[in-house]
1. Given the options Pro100, Pro77, name the one that is in a loop (DSSP other than H, G, I, E, B) and modelled with pLDDT of 85 or more.
2. When only residues in the stretch 260-285 that are modelled with pLDDT of 95 or more and among the charged types (D, E, K, R) count, which is nearest to Phe13 (Cα to Cα)?
3. Tell me which residues, restricted to the stretch 29-50, are of a type in the set (A, V, I, L, M, F, W, C), more than 20 Å from Leu84 (Cα to Cα) and in contact (Cβ under 8 Å) with a residue 40 or more places away in the chain.
4. Check the stretch 330-345 and report whether any residue there is surrounded by fewer than 16 Cβ atoms within 10 Å (Cβ to Cβ) and at pLDDT below 95.
5. Kindly check whether there is at least one residue in the stretch 24-40 that is surrounded by 18 or more Cβ atoms within 10 Å (Cβ to Cβ), of a type in the set (Phe, Trp, Tyr) and in a helix (DSSP H, G or I).
6. Condition first: surrounded by 17 or more Cβ atoms within 10 Å (Cβ to Cβ), within 29 Å of Tyr128 (Cβ to Cβ) and not β-branched (Val, Ile, Thr). Now tell me which residues in the stretch 46-65 satisfy that.
7. Looking only at the stretch 115-138, which residues are modelled with pLDDT of 90 or more, out of contact with any Lys or Arg (no Cβ under 6 Å at 6 or more places or on another chain) and not in a helix (DSSP H, G or I)?
8. Mind listing just one residue for me: the one in the stretch 176-204 that is within 16 Å of the chain's Cα centre (by Cα) and in a loop (DSSP other than H, G, I, E, B) and, of those, nearest to Val130 (Cα to Cα)?
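The values are calculated or read from the model by the stated rules, or taken from the named source; none is laboratory data. Being a predicted model, the structure only gives us computed values, none of them experimental. Note that each Cβ is placed from the backbone with ideal geometry, even for glycine, and that neighbours are counted across all protein chains shown.
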Amino acid sequence: MKIGLVSPYDYSFPGGVSVHISHLARHFLQKGHTVKVVAPCSRKAGYFDEEVTAVGRPLPIPYGGSIARTPLSPWLPAQTRGILRKERFDIVHIHEPFVPMVALSALLQSNSVTVGTFHACYEGSRGYWVARPLLRRWLSRLDGKIAVSKPAMEFVSRYLPGDYQIIPNGIDIEHFSPKVPPIEGFNDNKLNILFVGRLEKRKGVDCLLAAYGEVKRQFPDVRLIVVGPGTRLRSKYERLVHKNKLTDVVFSGFVSASDLPRYYQRADIFCAPASKGESFGIILLEAMASGKPVVASNIEGYASLLSDGEEGLLFPVGDVEALAQALLQLLNSKSLRHEMGEKGRNKAEKYSWASVAQRVLDYYTSLLNKAK
């Protein structure tokens, strides 16, 4: 079949939606399907061998505690319509279909069997609430609806009830693997705590730094490695480190997709202290696939993936003392770190992209059969 995968976000910028789409495209291509990604791009894009049609130049727009890199050009609807008419896809699969302007334009102009995937999960959404009548009308244009997790389904269903298939994010279990060689450096006698994520307030780095101060006092042979893009908050966090006289804190900045698994392999513990806005927790899955124990905040998106006391430890959101104690519990027990890392790897194997992509293809087939 001929499949169009539509993203509202900058496909050349690292993010959960872009990575999700790229892996679907890769596995669809491997199975002999024709695939084209339609997305805004700030520079040449493409994670594997997928063909990408750039639509619009994305701008950084604050949204939901994060930064959405999406274009707002008035010419985008016409450009999107032209692409859809030219390509005549069998399936148009739109990720976050209500996000202006590329995704929403594709939703309103698609004449193919149309599927929407909902990735987001927030405590509430004023935009969804105010626009419910209009969104419900647009929702009827979707022949199929996917949510990446139960929290994501519950969030969108709160405003737009319907029949949603839960098909989770996947993980490249060969790319993120205990067999990957660790990144050079950081291989002294210190144990490494790793954070991976964009430096945004909701990611909880301030909570992690506060907890690390207590951890460092009780367990001196420890290091914190912070991986992820961000300039404004990085400066703030670096000032906090200096003000509180914290040592062995390394800000590595943006790390390429090829190097990221090597950072996981250098870690002894992975920490994800986000306060909100995580529907699934792909970074948890990356750490688990890498065979690393996880300490994560007890938000729905994380708790739906990580079993407390099995693959890692959950702590109450924003609780600095609880986070410090969870980290110390793992730092003080090599056997517990190993046991939880093994369980995490076993769970991650159930989320391979090959399995997830096949579930999506099976869903496409059922919708196409229904449309005949």
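1. On the way: Pro77 fails: in a loop (DSSP other than H, G, I, E, B).
Sole residue among the options that is in a loop (DSSP other than H, G, I, E, B) and modelled with pLDDT of 85 or more: Pro100.
2. Arg262
3. None - no residue of the stretch 29-50 is of a type in the set (A, V, I, L, M, F, W, C), more than 20 Å from Leu84 (Cα to Cα) and in contact (Cβ under 8 Å) with a residue 40 or more places away in the chain, so the list stays empty.
4. Scanning the stretch 330-345 turns up no residue that is surrounded by fewer than 16 Cβ atoms within 10 Å (Cβ to Cβ) and at pLDDT below 95.
5. yes
6. Ala54, Gly56, Pro58
7. The answer is Val115, Thr117, Phe118, His119.
8. Glu200
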